[in-house]
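I have a structure I would like to understand better, so I am pasting it below and will then ask my questions one at a time.
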């Protein structure tokens, strides 16, 4: 299907600032020189970003749902376990920060509506193969819808200014942004879930819906942007800062338009994406999951990829190095960096011995505030 047209919005008008520390590193050739260039650029970016004066106000995470996920995808075939499935937990990440004019803003990162993933061809086929009981009662658990998760941190849907996903695998954006026409089987158009929010996505990610490659097809909801309300869609090309202590860093590889949330908190800098599914993914030399450390050592690799798609595995590898170079050590165990999987592998016994060596479990920093008079900023 054709790509839905999006109004041309100058991103500076809505308060976003492109940044360019990584431009040269991203273009480094040959590729073997790129990891060092990325680390050098990350140090340059951190010098101005990771300061006490440039912190977000608060971050909270709330569990939305868990889904069964093949172990062979989770660690690119490196991990060994009796159960062919692990579970990954999707969490809403609520970030409050001051924009560049000093106004309080709220970002809802990864507000996955659980209906959406079931429409992606991979999961649709798994449901058909395994049956609804095993798919929904055993392999999947739904705890909250995104708007319910938001209420649990003391906010309302109308308080959200920005929405973003690291990439658009298994996302049906109609459930989030609303539609101009009814979704098949529904009587009326869907209203926006967050009525005042702008979706920030990479242009390359958005354009993917225009022509899905066979290597992408299984993981995208084909009609996920059909009849979408696009007035509040903002497409960016590369790295942008949203305000104090919050940036979206382009991290291609898992998908062409993948980006990672980078936030500076009172507990240090955190980076979040689905390039990996566990702390083990970024720290395989510390992993106790059978096969992970041995594979990394055998191939001389510093990270292990989440590999359900391989749009560009070298880019994804380098993006994971970028994430590590941006993140601070974890306060509970400084051997592990604050690289938080947007869908984190559960530590459930039924997955044994494929259980994460270290679990982040969420982010809790600062105090979420309710904006005055609605969102109070318009």
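What follows is calculated from the coordinates using simple rules that are stated; it is not laboratory data. Bear in mind the structure is a predicted one, so any value in this text is a computation, not a measurement. Cβ: placed from backbone, ideal geometry, glycine included. Neighbour counts: every protein chain shown.
According to the square roots a ≥ b ≥ c of the eigenvalues of the Cα gyration tensor, what is the shape class of segment 283-354, taking rounded for a/c under 1.5, prolate for a/b larger than b/c otherwise, and oblate for the remainder?
Rounded, because the longest to shortest axis ratio a/c is under 1.5.
Mean residue ellipticity at 222 nm from the helices of the chain, using -39,500 (n - 2.57) per DSSP H segment of n ≥ 4 over the full residue count, to the nearest 500 deg cm²/dmol?
Helices in the chain give a 222 nm mean residue ellipticity of -5000 deg cm²/dmol.
I've got another one for you. Would you mind computing Rg(Cα) / (2.2 N^0.38 Å) for segment 1-157, counting N as its residues? It would help to have the intermediate numbers written out before the result.
Working: Rg = 20.6 Å, N = 157, 2.2 N^0.38 = 15.0 Å.
Compactness ratio reported: 1.37.
If we count other beta carbons within 10 Å of each Cβ, what is the order of 273, 307, fewest first?
Ranking 273, 307 by Cβ neighbours within 10 Å, fewest first, gives 307, 273.
Give or take rounding to whole Å, what are the principal axis extents of the alpha carbon atoms in segment 181-280, in descending order?
Its Cα atoms span 47, 35, 25 Å along the three principal axes.
Let me ask something else. Name the most mobile residue of 361, 257, 102, meaning the one with the largest mean-square fluctuation, in a Gaussian network model of the chain with Cα contacts below 10 Å.
Of the options given, 102 has the highest mean-square fluctuation.
In whole Å, how far is the Cα centre of segment 298-373 from that of segment 1-70?
Here the answer is 15 Å between Cα centres.
Something else now. What residue among 248, 261, 286 shows peak mean-square fluctuation when the chain is described by a Gaussian network model with Cα springs under 10 Å?
Its mean-square fluctuation being the largest, the pick is 286.
Expressed as a rounded percentage, what relative contact order does the chain have, with Cα pairs under 8 Å and six or more residues apart?
On the way: 838 pairs, mean separation 88.0, N = 378.
Contact order relative to length: 23 percent.
Put a dot 7 Å past each Cα toward the Cβ at residue 9 and residue 44; how far apart are the dots in nm?
Output for this residue pair reads 3.0 nm.
Here's a follow-up. Rank-order 179-187, 141-149 by packing density, defined as the average count of other C-beta atoms within 10 Å over each peptide's residues, highest first.
Numbers: 179-187: 11.4, 141-149: 18.0.
Highest-to-lowest ranking by the protection proxy: 141-149, 179-187.
Full-extension gain between residue 331 and residue 314, please, as 0.36 nm times their residue separation minus the C-alpha to C-alpha distance.
Taking 0.36 nm per residue and subtracting the Cα distance, the gain is 3.1 nm.
Which percent, to the nearest 5, of DSSP beta bridges fully inside segment 11-362 are antiparallel?
Bridges in segment 11-362 that DSSP calls antiparallel: roughly 75 percent.
Could you work out how much longer the chain between residue 266 and residue 36 gets when fully extended? Use 0.36 nm per residue separation minus the Cα distance between them, nm to one decimal.
80.0 nm
Starting from the Cα gyration tensor of segment 30-87, take the square roots of the eigenvalues, sort them a ≥ b ≥ c, and report rounded, prolate or oblate (rounded when a/c is under 1.5, otherwise prolate if a/b is larger than b/c, else oblate).
Oblate is the answer for segment 30-87, as a/c is 1.5 or above yet b/c matches or exceeds a/b.
Let me ask another. For the pair residue 82 and residue 297, what calculated FRET efficiency results from E = 1/(1 + (r/R0)^6), where r is the Cβ-Cβ distance and R0 = 25 Å, to the nearest 0.05? Kindly include the intermediate steps, with their values, before the conclusion.
Values: r = 23 Å, r/R0 = 0.93.
Efficiency at R0 = 25 Å is approximately 0.60.
Could you give the length gained on full extension between residue 216 and residue 285, defined as 0.36 nm per residue of separation minus the Cα-Cα distance, in nm?
21.8 nm
Tell me, what is the FRET efficiency for residue 367 and residue 129 to the nearest 0.05, using R0 = 56 angstrom and their Cβ-Cβ distance as r?
The pair residue 367/residue 129 has a calculated efficiency of 0.75.
For the chain, modelled as a GNM with alpha-carbon contacts under 10 angstrom, which of 98, 115, 241 fluctuates the most?
For the chain, modelled as a Gaussian network with Cα springs under 10 Å, the answer is 115.
Modelling each spin label as a point 7 Å along the Cα-to-Cβ direction, I'd like the residue 17/residue 186 distance in nm, to one decimal.
3.8
If you don't mind, there's one more thing I want to ask. Please find the FRET efficiency linking residue 27 to residue 151, where r is the Cβ-Cβ separation and R0 is fixed at 41 Å, and quote it to the nearest 0.05.
So, using R0 = 41 Å, E works out to roughly 0.40.
Shape of the chain from its Cα gyration tensor (a ≥ b ≥ c, root eigenvalues): rounded if a/c is under 1.5, otherwise prolate when a/b > b/c, or oblate?
Here the chain falls in the rounded category.
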